[in-house]
Amino acid sequence: MTDRYAVIGNPIKHSKSPLIHAAFAAQTKQKLIYERLEAPLDSFIERAAEFLAMGGSGCNVTVPFKEEAFRFANILTERAELAGAVNTLWLDDEGVVGDNTDGAGLVRDLQRHLKLVGLRILLLGAGGAARGVLGPLLAERPAQLVIANRSPDKAIALATQFIQLGPITACSLAELPNQPFDLIINATSASLAGEALPLPTSICQTDGLAYDMMYGKAETPFLQQAKAAGVVRRLDGLGMLVEQAAEAFFLWRGIRPETETVLVKLRAGL
Ligand code: NDP
């Protein structure tokens, strides 16, 4: 029987995960089916349990169910525990395993362009995406990681939680330190709403890297701000999306797919 996988979310019809996993499967000659499943907002657990009971081998989980997936899993990996959210589930002999591949995906995508060790990193936002990437970012031993959020309490709570893992401090967007950063990552959802952030140009470094987790055909408002401030290297989150999928594919199939060609193809289809 062909192994079945799915991505569960709400809404789900625009998800690119089926395209990505189909490309990985073709490239690695794995026989599998990967589909989109929309779960009602109040029934994620029922939908995921049903999919696995009906023979599904594993699934990805996207907005707004990653915290519910965390509660649904019987066994959590260390990075899922740290992230407090799960985006990849599969069955093993002891039950449903939950992992979070978002942080590994971001780090892998960034590593295509720079080494993170010793860098001064600014992470904007303190929602689910920010929380998911903090552990993997700190594991790369940056010199400094500042987390800044519109609501500073959330940033402070995350810095307090992760302080044992590395040099992390927190502030509000209004209190950003007056210094340039080597890498600025936008993990807010402001770009989704087409909004720019109130950022001083003094945080930008022309030879630094600006990264927006959101992606699209045109540059996001955040990347346009970085461009206006003279930042030459600017990336959106399409690479993170492909890399987090590759990590999930590896967990499920034991084979690491090549990602560059998949990313190029996906970019062309935006
Ligand atoms: P959440 O809703 O959990 O968090 C949203 C964050 O954005 C909060 O910190 C919030 O601040 C901040 N925010 C929202 N609007 C504004 C604004 N106008 N000005 C300043 N700050 C704002 O979202 P997620 O963390 O799940 O997702 C964040 C982004 O990351 C989204 O764009 C999402 O698409 C992207 N993403 C991309 C992935 C990829 O693979 N490329 C994977 C996961 C996420 P406050 O706390 O003050 O409300």
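Rounded, prolate or oblate for the range 104-236? Axes are the square roots of the Cα gyration tensor eigenvalues, ordered a ≥ b ≥ c, and the cut-off for rounded is a/c under 1.5. Present the calculation step by step, with values, prior to reporting the outcome.
Numbers: a/c = 1.38, a/b = 1.20, b/c = 1.15.
Rounded.
Once you have a ≥ b ≥ c as the square roots of the Cα gyration tensor eigenvalues for the range 1-125, tell me rounded if a/c is under 1.5, and otherwise prolate or oblate according to whether a/b is larger than b/c.
Details: a/c = 1.75, a/b = 1.37, b/c = 1.27.
Prolate, because a/c is 1.5 or more and a/b exceeds b/c.
Calculated FRET efficiency, Ala143 and Lys29, Cβ-Cβ r, R0 35 Å, to nearest 0.05? Before the final figure, lay out each step's value.
Details: r = 43 Å, r/R0 = 1.23.
It comes out at approximately 0.25.
Tell me the Rg and the Dmax, in Å, that the Cα atoms of the range 108-173 produce.
Looking at the range 108-173, its Cα Rg and Dmax stand at 11.1, 33 Å.
Hey, got the dipole for the chain? About the Cα centre, +1 on K and R Cβ, -1 on D and E Cβ, debye to the nearest 20?
On the way: 26 positive and 29 negative charges, 161 e Å.
Here the chain has a charge dipole of around 780 debye.
Mind giving me the nanometre distance, one decimal, between the label points for Ala193 and Glu78, set 7 Å out from Cα along Cα→Cβ?
Going by the 7 Å Cα→Cβ label model, 3.7 nm.
List the equivalent ellipsoid semi-axes of the range 160-270 in whole Å, largest first, each obtained as the square root of 5λ for an eigenvalue λ of the Cα gyration tensor. Each step should come with its number before you reach the end.
Working: eigenvalues 153, 78, 31 Å².
With the √(5λ) rule applied to the range 160-270, the semi-axes are 28, 20, 13 Å.
Would you please give the FRET efficiency between Thr169 and Arg233, computed as 1/(1 + (r/R0)^6) with r the Cβ-Cβ distance and R0 = 25 Å, to the nearest 0.05?
Efficiency, from the Cβ-Cβ distance: 0.55.
Show me, for the range 203-210, the HN-Hα J-couplings you get by feeding each phi into the Karplus relation (A = 6.51, B = -1.76, C = 1.60, θ = phi - 60°), rounded to Hz, glycine and proline as x.
Calculated HN-Hα couplings, in order: 7, 8, 10, 4, 9, x, 10, 10 Hz.
For n ≥ 4 DSSP H runs only, could you compute -39500 (n - 2.57) per run for the chain, divide by its residues and tell me the 222 nm figure to the nearest 500? Write out the running numbers ahead of the final one.
On the way: 10 runs with 101 residues, N = 270.
Roughly -11000 deg cm²/dmol at 222 nm, from the helical runs in the chain.
Mind checking the per residue accessible area of the chain for me, 1.4 Å probe, whole number of Å²? List each step's numbers first, then the result.
Working: 12440 Å² over 270 residues.
Ligands and nucleic acids excluded, the figure is 46 Å² per residue.
If you take every residue apart from Glu195 with its C-beta less than 13 Å away from the C-beta of Glu195, what net charge results, scoring Lys and Arg +1 and Asp and Glu -1?
Numbers: positive: Arg150; negative: Asp212.
Surrounding charge for Glu195 is 0.
Using the Cα centre of the range 67-132 as the reference point, and only Cβ charges (+1 on K/R, -1 on D/E), how large is the resulting charge dipole? Debye, rounded to the nearest 20.
Numbers: 7 positive and 10 negative charges, 127 e Å.
It works out to roughly 600 debye.
Where does the charge balance sit around Gly269 when Lys and Arg score +1, Asp and Glu -1, over other residues with C-beta under 14 Å from its C-beta?
Taking every other residue near Gly269 into account, the sum is +4.
Any chance you could list the semi-axes, whole Å, largest first, of the equivalent ellipsoid that the Cα gyration tensor gives for the chain, using √(5λ)? Can you show the working numbers first?
On the way: eigenvalues 201, 82, 55 Å².
The answer is 32, 20, 17 Å, longest axis first.
Of Asn10, Ala26, Leu41, whose Cα points farthest to the positive end of the dipole of the range 1-51 (charges on the beta-carbon: +1 Lys, Arg; -1 Asp, Glu; origin at the Cα centre)?
My answer, from the dipole projection, is Ala26.
Mind ranking 12-18, 124-130, 166-172 by how tightly packed they are, going by the mean number of other C-beta atoms within 10 angstrom, highest first?
On the way: 12-18: 15.6, 124-130: 22.6, 166-172: 17.4.
Ranking the peptides 12-18, 124-130, 166-172 by packing returns 124-130, 166-172, 12-18.
Sum up the charges of everything whose Cβ sits under 9 Å from the Cβ of Leu238, counting Lys and Arg as +1 and Asp and Glu as -1, but leave Leu238 out.
On the way: positive: Lys16, Arg267; negative: Asp109, Asp236.
Spelling it out: positives minus negatives among the neighbours equals 0.
The values are calculated or read from the model by the stated rules, or taken from the named source; none is laboratory data. Just so it is clear, the structure is predicted and the values come from calculations on it, not from any experiment. Note: ideal-geometry Cβ built from the backbone for every residue, glycine included; neighbour counts use all protein chains shown. These accessible areas exclude ligands, DNA and RNA; they are computed on the full protein's heavy atoms, side chains included. Shrake-Rupley method; radii C 1.70, N 1.55, O 1.52, S 1.80 Å.
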